[in-house]
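Asker: For reference, the structure I am asking about is given below.
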Amino acid sequence: MNARKLISALVCATSIALPMAAAYAQQQTLVVNSWGGAYEKLHRKLVFEPFEKANNVKIQVVTVYSADTLAQLRAQKSAPQYDVVHFSGGQEVVAAREGLLAPIKPEELKNAADLYPFAAAGMARGEGPAHLVTAMGLLYNEKKVPRAPTSWKDLWSKDYGDHLVLIDLSNSYGMLGFLMMNQVWGGSLDDTAPGLTKVRELLDRSVVISSTPEVQQNFAQNDAWIAPFSQDYGHIIRQGGQPVKFVPGSEGTPAIYFTANLVANRPNQELAKKLIDFELSPEVQAEFAREMRYSPTNRKTVLDAATAADVVTGDAVASLVRFDPVKLESIRLDLIEKWKKLIAR
Amino acid sequence: MRNAMSNRRDDVILLSPGLLLLVLGFLVPAATILVLGVQDPEGGFTLGYLARFLGDPHYLAIAWRTIKLSLLITLICALAGFPLAYVMARAGARLRLWLIICITLPLMTSVVVRTFGWMVLLGRGGLVPDVLHSLGFVRRNFTLMHTETAIVVGMAQVLFPFMVLSILGVIMKIDWRIEEACRVMGCSLLQTVRRVVLPLSLPGVVAGSLLVFTLSCSYFVTPALLGGARLPVVAGSIYETATKTLDWPFAAAQSIVLLVGVMLLLIPYVRLSRRHHG
């Protein structure tokens, strides 16, 4: 355990120290994290590059996933190296409790007043605002299904035969989908038995997969008709040529929140807040929605018709379901083991 | 005396690079991991993690599946590998070379790529279910994916070369005049193979079986892709525990079970075959 901490500390020390040293020039620098891949490419194009130009600032992007970013923040508590950190797994709740984040007052951000209440709710607890959301609902093959699904309970409908795809709980989308199924059958984070019992009924007519790309593969090759998954990935599958549509379940829409957080004890907080504010702007959010089908959190964001048809927007965004990240973390291991025992043949 | 001393020194010098690699690259990291499995958070000794595995029907079922499938894979490889190795050994040098190339060619592509090939062949609408459907054996949506059959088929294909090459090496060393003598004495070909070649090549079969069995016990890519989440094997369970739930002590405990289990199965096997055949 200690060795692992040491290694991660070394890794982050080198990954931060090098760019920092290089940029120790006249220009101001902000250090931020992004998550790599297509997302980071878009993040740079829509947020970092325009912001650098407009404010004559250098933004140093470090590619680190949410969980590792939190680990780095903890390791750097006495000498933090990031100005703004982005989380997608609810890590901001933990980070704020541990005093790693600096609270932002809504009046300090121009766009805060236009956010849906859920996106700004965390700010009162010292967390950063949510700038994007990806909603979980049902993906279905519109050419194959006898009728389009409308609710989470439709997963139990015999209409879809044995063409179901379920996602393993070791996958974070799978976890979110399961928690919602559990909720519609009367369960909660304290009681996951209803969900597990109901999923047992589905096992004989579904394929259980563990990695995200397998969702697309099952729609493409394995005659899958319906799967609980996210709207952005539904868009990717559709781009890949499958007639797959996303629909939110009528009982509610769990979502993954992308938050932008201000790190405590850093010198450039004014500039960092400006960057966070920029990420909340309707223009940036509209582009994220158009390119990757993320739902905006700013109610003034205007979407074109094609995008609006694919993402959860408007009032629906305001009624998203969120499971308490701290509580979830405390039951996660136990729940995954129960799930593994349930699905094992 | 001097001579013997310097010989020993030479031996040490020759041995040291390999030994160093073994200690640094295998023994130290493996021991570090295994120790995690019997250490409680305060650093004391505990059997708690091992007890969690051995006391839980779920994990015992996973262990049983691993042993059962590995035995089956080994058996299939041996049954199919022995005749092929015999033909290869007795064929002309040119044909043998081509057969060796054919056998080893799959080893040169990644296991993941080969496994994806099987996924296409065995999945819904793939070649195998399609043929079975047109022959009227199965319903239209039949699939072999995510079945134990798929794991066995995929693993046997991956591990087959190890068995064939092990047996081939031994048969090549058997003096073929013994077989001639056998035929002259009136044995048929099959009798010759059964009474002379098979007993003499048993060390190769044993070595191949050991290799195939231990490898199939510790493979996780192929079972994970072809068997899916619902048919876990021990190696896959270790991988999931270490990377997904980050429960390293329990992953280490499962590794101990795997290591000890393989050894317990193998030691009597080696003893037995050695007693019978020098």
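Asker: Would you confirm whether or not region B:218-236 contains a residue that is in a loop (DSSP other than H, G, I, E, B), more than 14 Å from chain A (Cβ to nearest Cβ) and within 29 Å of B:VAL120 (Cβ to Cβ)?
Answerer: Our first condition is that a residue be in a loop (DSSP other than H, G, I, E, B); within region B:218-236, this holds for B:219-220, B:228-233.
Okay, now just the ones that are also more than 14 Å from chain A (Cβ to nearest Cβ), so B:219.
Subsequent filtering for residues that are within 29 Å of B:VAL120 (Cβ to Cβ) retains B:219.
Within region B:218-236 (the criterion being in a loop (DSSP other than H, G, I, E, B), more than 14 Å from chain A (Cβ to nearest Cβ) and within 29 Å of B:VAL120 (Cβ to Cβ)), the answer is yes, since at least one residue qualifies.
Asker: Of all helices (runs of 4 or more DSSP H) completely enclosed by region B:67-136, which ones contain at least 3 residues that are among the aliphatic types (A, V, I, L, M), within 14 Å of chain A (Cβ to nearest Cβ) and under 25 Å from the mean Cα position of the chain (by Cα)? Break it down into steps so the answer makes sense when it comes.
Answerer: Numbers: elements: B:93-104, B:111-122, B:127-134.
Helices (runs of 4 or more DSSP H) meeting the threshold: B:111-122.
Asker: Next up: Starting from residues that are away from every other protein chain (no Cβ under 11 Å) and over 9 Å from A:HIS163 (Cα atoms), keep the ones in region A:216-226 and report whichever is farthest from the chain's Cα centre (by Cα).
Answerer: Filtering first and then ranking leaves A:PHE219.
Asker: Could you run through region A:37-78 and say how many residues are small (Gly, Ala, Ser) and touching a Lys or Arg at 6+ places or on another chain (Cβ under 9 Å)?
Answerer: 2
Asker: Does any residue in region A:329-342 that is within 8 Å of another protein chain (Cβ to nearest Cβ) and free of Cβ contacts under 8 Å to residues at least 12 places away in the same chain come within less than 7 Å, Cβ to Cβ, of a residue that is surrounded by fewer than 20 Cβ atoms within 10 Å (Cβ to Cβ) and assigned to a helix (DSSP H, G or I) six or more places away or on a different chain, and which pairs are these?
Answerer: Pairs that qualify, where the first residue is within 8 Å of another protein chain (Cβ to nearest Cβ) and free of Cβ contacts under 8 Å to residues at least 12 places away in the same chain and the partner is surrounded by fewer than 20 Cβ atoms within 10 Å (Cβ to Cβ) and assigned to a helix (DSSP H, G or I), are A:LYS341/B:HIS58.
Asker: Which one of A:GLU283, A:GLU291, A:GLU287 is in contact with a Leu (Cβ under 8 Å, 6 or more places away or on another chain) and either hydrophobic (A, V, I, L, M, F, W, C) or modelled with pLDDT of 95 or more (or both)? Show your work before the answer.
Answerer: On the way: A:GLU283 fails: in contact with a Leu (Cβ under 8 Å, 6 or more places away or on another chain); A:GLU291 fails: either hydrophobic (A, V, I, L, M, F, W, C) or modelled with pLDDT of 95 or more (or both).
Criteria check complete, one pass: A:GLU287.
Asker: Pairs only if they're at least six apart or on different chains, beta carbon under 8 angstrom, first in region B:35-47 and touching a residue at least 60 places away in the same chain (Cβ under 8 Å), second loosely packed, with under 15 Cβ neighbours inside 10 Å and in a loop (DSSP other than H, G, I, E, B); list them, first residue then second.
Answerer: Between residues of region B:35-47 that are touching a residue at least 60 places away in the same chain (Cβ under 8 Å) and residues that are loosely packed, with under 15 Cβ neighbours inside 10 Å and in a loop (DSSP other than H, G, I, E, B), the close pairs are B:VAL38/B:LEU47.
Asker: Could you pull out the residue among A:ARG125, A:ARG200 that is in contact (Cβ under 8 Å) with a residue 12 or more places away in the chain and not assigned by TED's automatic domain parsing to the domain that holds A:THR69? Don't jump to the end; show me each part of the working.
Answerer: Working: A:ARG125 fails: not assigned by TED's automatic domain parsing to the domain that holds A:THR69.
Residue meeting the stated conditions: A:ARG200.
Asker: Here is a further query. Please state which one of A:SER250, A:SER295 is over 21 Å from A:ASN111 (Cβ atoms) and either surrounded by fewer than 16 Cβ atoms within 10 Å (Cβ to Cβ) or touching a helix residue (DSSP H, G or I) at 6+ places or on another chain (Cβ under 6 Å) (or both).
Answerer: Working: A:SER295 fails: over 21 Å from A:ASN111 (Cβ atoms).
Result: A:SER250 is the single residue among A:SER250, A:SER295 that is over 21 Å from A:ASN111 (Cβ atoms) and either surrounded by fewer than 16 Cβ atoms within 10 Å (Cβ to Cβ) or touching a helix residue (DSSP H, G or I) at 6+ places or on another chain (Cβ under 6 Å) (or both).
Asker: Moving on. Among the residues of region B:50-73, write down those that are among the basic types (Lys, Arg) and in contact (Cβ under 8 Å) with a residue 12 or more places away in the chain.
Answerer: Start the filter on region B:50-73 by keeping residues that are among the basic types (Lys, Arg), which leaves B:52, B:65, B:68.
Residues satisfying the conditions are B:ARG52, B:ARG65.
Asker: Mind listing just one residue for me: the one in region A:65-118 that is part of a helix (DSSP H, G or I), among the charged types (D, E, K, R) and modelled with pLDDT of 90 or more and, of those, surrounded by the most Cβ atoms within 10 Å (Cβ to Cβ)? Talk me through it step by step, then tell me what you get.
Answerer: The first filter runs over region A:65-118 and keeps only residues part of a helix (DSSP H, G or I), leaving A:66-75, A:91-97, A:106-108, A:112-114, A:117-118.
After this cut, where a residue has to be among the charged types (D, E, K, R) as well, the list is A:68, A:74, A:92, A:97, A:107-108, A:114.
Next, only the ones that are modelled with pLDDT of 90 or more stay: A:74, A:92, A:97, A:107-108, A:114.
Values: A:ARG74: 15, A:GLU92: 28, A:ARG97: 13, A:GLU107: 8, A:GLU108: 16, A:ASP114: 17.
So, considering only residues that are part of a helix (DSSP H, G or I), among the charged types (D, E, K, R) and modelled with pLDDT of 90 or more, the one surrounded by the most Cβ atoms within 10 Å (Cβ to Cβ) is A:GLU92.
The values are calculated or read from the model by the stated rules, or taken from the named source; none is laboratory data. No experiment lies behind these values; they were computed from the predicted model shown. Heads up, the Cβs are rebuilt from the backbone with ideal geometry, glycines too, and the neighbour counts pull from every protein chain shown.
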